[in-house]
1. Starting from the eigenvalues of the Cα gyration tensor, five times each then square-rooted, give me the equivalent ellipsoid semi-axes of the protein assembly as shown, largest first, whole Å.
2. Any chance you could count the Lys pairs in chain B whose alpha carbons are under 12 Å apart, treating pairs 8 or more apart or on different chains as valid?
3. Just to confirm a number: summing +1 for Lys and Arg and -1 for Asp and Glu over residues other than B:Lys42 whose beta-carbon lies under 11 angstrom from that of B:Lys42, what do you get?
4. For the range A:120-260, go through all pairs of different Cα atoms, get the mean of 1/r, take its inverse, and jot down that Kirkwood value in Å.
5. Residue by residue through the range B:174-189, which ³J(HN,Hα) values in whole Hz follow from phi under the Karplus form 6.51 cos²θ - 1.76 cosθ + 1.60 (θ = phi - 60°), with glycine and proline marked x?
6. Taking all protein chains together and a probe of 1.4 Å, list B:Tyr137, A:Tyr152, B:Tyr93, A:Tyr145 from the most accessible to the least accessible.
7. Would you work out the relative contact order for the range A:241-317, in percent, from Cα pairs under 8 angstrom that are 6 or more residues apart?
8. Relative to the longest principal axis of the C-alpha atoms of chain A, give the angle of the C-alpha long axis of helix A:162-171, reported between 0 and 90° and rounded to the nearest 10°.
Amino acid sequence: MLRRLREFFDSRGFLEVETPILSADTVVDRHLDPFSTEIDGIGRLAAAGTAACGCAGTDVPSAAKRLWLQTSPEFHMKRLLAAGAGAIYQVARVFRRDELGPLHNPEFTLVEWYQPGDGMDEGMQLTGELCEAMLERGPAERMSYREAFERYVGLDPHTADVAALAAAVEKCGVQPPATLAREDRDGWLDLLMVERVQPRLGFERPVLLFDYPASQAALARVRPGNPPVAERFELFVVGVELANGYHELLDPDELRMRNSRTNAQRIADGKPSLPEENRLLAAMRSGLPSSVGVALGFDRLVMLAAGAKTIAEVMAFPFDLA
Amino acid sequence: MANYSTSDFRKGLKVQLDGDPYIMFECNFVKPGKGQALYKCKLRNLLRGTVLDRTYKSGDSLEAAEIEEIQAQFLYRQQNQFVFMENETYEQYELSAEQVDDAWKYLREGMSCDIVLYNNHPISMTPPNHVVLRVEYCEPGAKGNTATNVSKPCKVDTGAEFPCPAFVNIGDLVRIDTRTGAYIERVKE
């Protein structure tokens, strides 16, 4: 499957790249928790590094001894884009804390690719083609986040208030977590997504769900409008979320603002905050080309191809045996 | 009282909910895209047997139930009470016919069983997976018939009846699987 995947990208002119798993930077996401570790003698290492490359590493936080295992290769791949790498892809090992279940393993394989110049339409097209090439389940059908909620929940996810969302949760017989706050609108949308929408997506044909609520943009750009929507899409096959794509955010100030907002949410959730300044921001300030970036869970892809029910079945050493 | 947070959630966890002990018999981790992690759990009430569906989000916690499992041997039955004695402390525990449920079929004196205690009171018991019982009555089998696919009801010394192969006779010892009630083999004295 890896060979077929590489052929797919190689034949389309993508360059395969490798980027660090261990980094001083990490993605700031409300619901992603990275593993961290420490390194000794960082001052000596940093000095040696700058001397070797002949560049004054002004933006290297020299005191930083804390390093992060990457939750995705996103930051480094975007730094490559900013440096003019063009279309790139990577098969990367990534790490996420506290994620363990039938479709989750704390260490897993992510396929991530970036195509400069692409917009939402081209990005979804390529994702659908990859899915067809790998799984042979026919061309993907497109459905907006709003259409999916109208069809399976019976409400408009962009305009419905929390009371309406909570009523819909109750109507489908689901007991919401007692700690789910009334003002956490995205939390209620997530609950409906998990209970009502996702289990129905992608059975006849793969589904590309697009135009997410602006509050769930993460690193996607937001398209102004009424309502404004996040230019983000996800691929679903037989109820399994397989890939997530962004029309990438380019504005460093916007990212900086989202990082601090996300950290505020993390602190409210009782989680540690994550560094808001990073070298991706520097790359964005120097100019990131407009692109679409997509990440696909390779273990889940293999699971679906093999007709398995859990990713543990297709991993030689799942977490409990690793 | 100890608490379990969502990262401790797993099958078999015993928790306290609305004043009753529950066992978590299913726990599924789900996480939508960039959304928050949810744990979809199924819990069985250890006193009533009723089942609850509950969804928890990452960081939630549940109180641990004061549940202990002990080994005790069956002493005797007194009408609707079954009396057991803990192997180490000789402490005696009484279970009702309702709590023992179908397991009465397998209970012979001296048999070692698992008993679940909730706040030090017995709430359920499980017999060993395999037990040996003596056949007290059955129709005589046709001579020479050693086929195992023909079965007949055999009454054993606990008063229960189990289907056994035709060659089993009165006075024989038979091994029974207590999880299915199925005959396994004939046992020599």
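The values are calculated or read from the model by the stated rules, or taken from the named source; none is laboratory data. A quick note: this is a predicted structure, and the numbers were derived from the prediction, not measured. A quick note on method: Cβ atoms are made from the backbone with ideal geometry, for glycine too, and the neighbour counts reach across all protein chains shown. For the accessible areas, the whole protein counts, side chains as well, though only heavy atoms, and no ligand, DNA or RNA atoms are used. Shrake-Rupley method; radii C 1.70, N 1.55, O 1.52, S 1.80 Å.
1. Numbers: eigenvalues 652, 137, 118 Å².
Rounded to whole Å, the semi-axes are 57, 26, 24.
2. 7
3. Summing Lys/Arg as +1 and Asp/Glu as -1 gives +2.
4. Working: mean 1/r = 0.0628 Å⁻¹.
Kirkwood hydrodynamic radius for the range A:120-260: 15.9 Å.
5. Rounded to whole hertz, the list is 10, 9, 10, 7, 6, 7, 10, x, 8, 5, 10, 6, 8, 10, 7, 4.
6. Working: B:Tyr137 120, A:Tyr152 55, B:Tyr93 30, A:Tyr145 0 Å².
Accessible-area ranking of B:Tyr137, A:Tyr152, B:Tyr93, A:Tyr145, largest first: B:Tyr137, A:Tyr152, B:Tyr93, A:Tyr145.
7. Dividing the mean separation by the residue count of the range A:241-317 yields 40 percent.
8. Helix A:162-171 sits at roughly 60 degrees to that axis.
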